[in-house]
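Each value in this text was obtained by applying a stated rule to the coordinates, not by laboratory testing. If you're wondering where the values come from, they're calculated on a predicted model, not measured in any experiment. All Cβ positions, glycine included, derive from the backbone under ideal geometry; neighbour counts span all protein chains shown.
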Amino acid sequence: MREQAPRLQAGGVRTPAVTLRIGTRGSALAVAQTSTMARELERITGESTELVRVTTHGDVTRAALSSLGGTGVFASELRDALLAGECDLVVHSLKDLPTAKAPGLTVAAYPVREDQRDALCSLGGASGLTLEQLPHGAKVGTGSPRRVAQLLTLRPDLEIRDIRGNVERRLRFVTDGELDAVVLAAAGLERLGFAEAITERFDLERFPNAPGQGCLAIEVRDGDTPAGVSRLDDPAARAAVLVERGILATLEAGCAAPVGASARYADGKLEAWATVYAVDGSSRVSSRRAVEVSDPRALDAAQAELVTLISTDLFDQGALALMA
């Protein structure tokens, strides 16, 4: 199901020529982040834009996300629309995008990354109870197997509840008293104006993020990159997320696997750390490595080296058995 949303001038008059059609999921978060990219492209190119809303399988299924296998349930229909020429580019949340390249498509830009951390939201927001302060047996909601494993690693007494729905609905589980807290991506909360609901932002050292979390991906047809898109690419974000997703791909783990991976590129050093968890949080294996990058032209080689080093460490420690 695809619905085009025309741009309107003041007074409801349609602009005469929409030149760039941008595909997006129809959720409030997806539209908010896509609208940000649309405004940036308008600023760069001086051209107008139009959002093409696409309903994906992940938007309509009521099944737990962990049961869907993480195989692009939020991306397939968007990619179909792009290949069919119904839009000129699509904007994805990178953490929802499969690591394998889609035939005929390429990611042309990874914009500046926002906060990649997970956030705990308990009653009272900033004045609420942190993860450590939650009472014994507290009920915490999340739809992510990675977050389940990480929470149980730190607090095995918690009662974890599987939840679905948009950000606002998930926050209502707390305000309505059904849950003591929920865990959501900090970037999503900020993009929707719900930063005040955040009680605690988890330290990446203990709570590594889903690979690519906090970053968007702008996908285009091979050989058909619209003007201005390449200027949205941020080299530091690209370097970090390609390492994180490279680790995920090497482990042959899907988007829903209990794998956390964080990376950063700054001051000539590319650094990453990753953890693979047992789904019940009972055990885990971790690796941390860094590679010096004296010449930016050697960045691709440094990324590949770092992915190999960390993946080998994790394999040697039994990562495959944990994921199985």
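Considering only A240, A108, A28, the mean-square fluctuation computed in a Gaussian network model of the chain, springs between alpha carbons under 10 angstrom, is largest for A28. Magnitude of the charge dipole for the stretch 234-324, about its Cα centre and with charges confined to Cβ atoms of Lys, Arg (+1) and Asp, Glu (-1), is about 120 debye. When the chain is treated as a GNM with alpha-carbon contacts under 10 Å, the residue of A237, A256, A301 showing the greatest mean-square fluctuation is A301.
By the beta-carbon count within 10 Å of each Cβ, the least crowded to most crowded order of E292, E42, fewest first, is E292, E42.
Once the Cβ-Cβ distance of D176 and A100 is raised to the sixth power relative to R0 = 41 Å, the FRET efficiency obtained is 0.55. Simple spin-label estimate for S282 and R164 gives 2.9 nm between the two label positions (7 Å along the Cα-to-Cβ direction from each Cα). Given their separation in residues at 0.36 nm each and the Cα-Cα distance between them, D313 and A301 gain 2.5 nm when the chain is fully extended.
The HN-Hα couplings worked out from phi for the stretch 77-84 by the Karplus form 6.51 cos²θ - 1.76 cosθ + 1.60 (θ = phi - 60°) are 5, 4, 5, 4, 5, 5, 5, 7 Hz, whole numbers, x standing for Gly and Pro. Three principal axis extents describe the C-alpha atoms of the stretch 234-324; from largest down they are 41, 23, 18 Å. By the beta-carbon count within 10 Å of each Cβ, the least crowded to most crowded order of D88, D203, fewest first, is D203, D88. In sequence order, the stretch 182-194 has phi-based couplings of 10, 10, 9, 6, 4, 4, x, 4, 5, 5, 9, x, 10 Hz under the Karplus curve 6.51 cos²θ - 1.76 cosθ + 1.60, θ = phi - 60°, and Gly or Pro positions carry x. Set against the 2.2 N^0.38 Å expectation for a compact globular protein, the chain has a Cα radius of gyration ratio of 1.01. Among I163, I218, I247, the largest mean-square fluctuation in a Gaussian network model of the chain (Cα springs under 10 Å) belongs to I163. Here the 3J(HN,Hα) profile of the stretch 25-36, calculated from phi with Karplus coefficients 6.51, -1.76 and 1.60 at θ = phi - 60°, is 5, x, 5, 4, 5, 4, 5, 4, 6, 5, 4, 4 Hz, Gly and Pro shown as x. The peptide list 181-191, 221-231, 91-101, put in order of mean Cβ contacts within 10 Å with the highest first, becomes 181-191, 91-101, 221-231.
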